[in-house]
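Only one structure is covered here, and it is reproduced in the block below.
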Amino acid sequence: MAFATGININCLLLFYHVLCTELITCEVVSLFRAELPFSAASLCDPIKARSNQLNAQQRYVEYQRLVAEQSKSINKNLILDRKLYRQLMLQTEAGANALPLDTLDRQYNRLINEMLYIYNGATICGYQQPFACNLRYIPDLKEIMAKSRDWDELQHTWLEYHRKAGREMRDGYEQLVDVMNEVAYVNNVTNAGEYWYLPYESGNFRQDVDIVWEQIRPLYDGLHAYVRRKLREYYGPERINRIAPLPSHILGNMYAQSWSNILDIIIPYPGKKLVDITPRMLEQGYTPLLMFQLAEEFFTSINMSAVGPEFYQNSIFEQPVDRRAFCEPSAWDFCNRHDFRVKVCADINQKSMISVHHEMAHIQYFLQYRHLPKVFRNGANPAFHQAIGDAVGLSVSTPKHFQTLGLLQRSVDESSYDINYLFSMAIDKVAFLPFALSLDNWRYDILSGNANKHMMNCHYWNLREKYSGIKPPVLRSEKDFDPGAKYHVPANIPYVK
Ligand SMILES: [Zn+2]
């Protein structure tokens, strides 16, 4: 009996697999094109291009629902093969697509679209410039938060942005919490908080992460204390208290998630050189194409796969001259085992060099699992892809590797140089961890009902203080909705990854 079922299920899986590969390729093609808004295809007929995209998405949703239904109806107790069992279990998870179609469109998708509309449309007036009122997060406000050293200007920018981008979507988010609980229900999960961490396949994900965090915490505490002292010297003791949390608006970033932009204020050894390969890259005539070839070589040199000519033909390496592409660096798997692409608008500088290697690590991961059934062609968990990309990014950005590439002079063996380098890494990487942790633990608590919906903003700042030692610039209330000012909240995208 089990044997016969195994054969039938295998046939079924093969059929799904072929269909799925085709559907996904169509969907990915349409999404890839959608991010090139003025590509030749959509110029000819933009309405048709948009409707193709919607059709592809719709067909994929229908397919996913069907597969989930069918997979659910199979009695999995009869299946002895662990791989087969896992394949079927993964296929039963349709996520939000498992909602009744009406709820999916009219509630789930609508709420997210409305919140994103508020987020994307948020504009504020400049500090003491009541007539310059068209400032957007990108590029204007991000730049002010990074470069301004004027306490009042920073506070104005932070407050106004959080008023516009956060506060207005509070209602929408409260509704989304209910819909997310419906998503959890149709996926057979107790509540939306559990559902949020489900892909990590741990019964105690929140505790697991807290245990890891406790190991890193002493380093963060030291970093925080040091930065607070430096900022106290810079802004004065009347503004920075020796023992209080740090106000979030003076750390060089709207969300205080990275402190790299205030390196000039907090650098341990001012005047000592920092690792910077940009001048040599320019001198040596680097191009975006060369950077990608170099990254490919990084992988082939450790016996991994080459990306093949199709990658170079189809990818986008720089901002096209004739149109504006959406330039957030991304890597794409077209799910047909041969078409892999990146979309990056690379500049010739150190930051881009690391980002190019990071994206190529995603491509390498795609290449390594391309022979598996579709349902296994994904990161081992939602964090795994980024972890691989970042690990490669870190390994590339060491002074030693840059020296090997002939992009950095052999440094004098000086500890001040090393400390400046390590410090600049820490204020980006270590400072980020408690931010990500508080944002997603906040969502877990709200979604699972651990924290009251009427105390959403207060709970957010409690967690920000607990994990990061960061406080808002001024007192907040429950009229505010500060987490909403971070893209991943209205977009409903998980962050701990
Ligand atoms: Zn990435």
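Under the simplified labelling scheme, the Val321-His338 pair shows an inter-label distance of 3.2 nm, with each label point 7 Å from Cα along Cα→Cβ. Computed from the C-beta positions of Lys76 and Tyr117 and an R0 of 60 Å, the FRET efficiency is 0.90 to the nearest 0.05.
For Arg217, the shell of other residues with beta-carbons less than 12 Å away shows a net charge of -2, using +1 for Lys and Arg and -1 for Asp and Glu.
Computed about the Cα centre, the dipole magnitude for the stretch 279-400 is approximately 260 debye when only Lys and Arg (+1) and Asp and Glu (-1) carry charge, each at its Cβ.
Determine the gain in length on full extension of the stretch Ser477-Asn452; use 0.36 nm per residue of separation and subtract their C-alpha separation, reporting nm with one decimal.
7.6 nm
Rounded to the nearest 20, the size of the Cβ-charge dipole of the chain about its Cα centre is 280 debye, with Lys and Arg at +1 and Asp and Glu at -1. Annotation for Met425 and Gln57: the two label points, set 7 Å from Cα along the Cα-Cβ direction, are 4.0 nm apart. The shape of the stretch 351-497 comes out oblate: with a ≥ b ≥ c from the C-alpha gyration tensor, a/c is at least 1.5 while a/b does not beat b/c.
Each label point was placed 7 Å from the Cα along the Cα-to-Cβ direction; for Asn109 and Gln128 their separation is 4.9 nm.
Helix 2-34 axis versus longest C-alpha principal axis of the chain: approximately 50°, rounded to the nearest ten. Remark on Ile470: its backbone amide H falls under 5 Å from those of Leu246, Glu465, a criterion applied only to residues 5 or more positions apart or on other chains, H modelled at 1.01 Å from N.
Rounded to the nearest 0.05, the FRET efficiency derived from the C-beta distance between Thr287 and Asn314 at R0 = 22 Å is 0.80. For the stretch 311-389, the relative contact order comes to 27 percent (Cα pairs under 8 Å, sequence separation of at least 6).
For the stretch 168-310, the gyration tensor built on C-alpha atoms gives an oblate shape. Its axis ratio a/c (a ≥ b ≥ c) is at least 1.5, and a/b is not larger than b/c.
A straight line joining the Cα centroids of the stretch 403-461 and the stretch 70-138 runs 25 Å. Computed from phi, the 3J(HN,Hα) profile of the stretch 431-436 under the Karplus parametrisation 6.51, -1.76, 1.60 (θ = phi - 60°) reads 5, 6, 4, x, 5, 4 Hz, with x in place of Gly and Pro. Would you mind counting up the charge near Lys230? Only other residues with Cβ under 14 Å from its Cβ, with Lys and Arg at +1 and Asp and Glu at -1. So the environment of Lys230 carries a net charge of +4. Using only side-chain charges placed at the Cβ, +1 for Lys and Arg and -1 for Asp and Glu, the dipole size of the stretch 217-327 relative to its Cα centre rounds to 800 debye.
Take every Cα pair under 8 Å whose residues are at least 6 apart in sequence, average their separation, divide by the length of the chain, and the relative contact order is 19 percent. Put simply, the amide H of Ile348, placed in the peptide plane, has no neighbours under 5 Å, leaving out anything fewer than 5 places away on its chain. Entry note, the chain: the mean residue ellipticity at 222 nm calculated from DSSP H runs of n ≥ 4, each adding -39500 (n - 2.57), is -17500 deg cm²/dmol after division by the residues and rounding to the nearest 500. Compared with the alpha-carbon gap, the fully stretched path from Gln386 to Lys351 is longer by 10.9 nm at 0.36 nm per residue. Listed cross-link partners Lys453/Lys479; Lys400/Lys429; Lys351/Lys471; Lys147/Lys400 are compared with a 21 Å cut-off, the Cα-Cα value being larger for Lys351/Lys471; Lys147/Lys400. Note on Leu372 and Asn303: with the Förster distance fixed at 30 Å, the Cβ-Cβ geometry gives a FRET efficiency of about 0.90.
Every number here is computed from the coordinates shown, using simple stated rules; none is lab data. The shown structure was predicted, so the numbers you read here are calculated from the model rather than taken from an experiment. Neighbour counts are summed over all protein chains in view; Cβ atoms, including those assigned to glycine, are modelled from backbone coordinates with ideal geometry.
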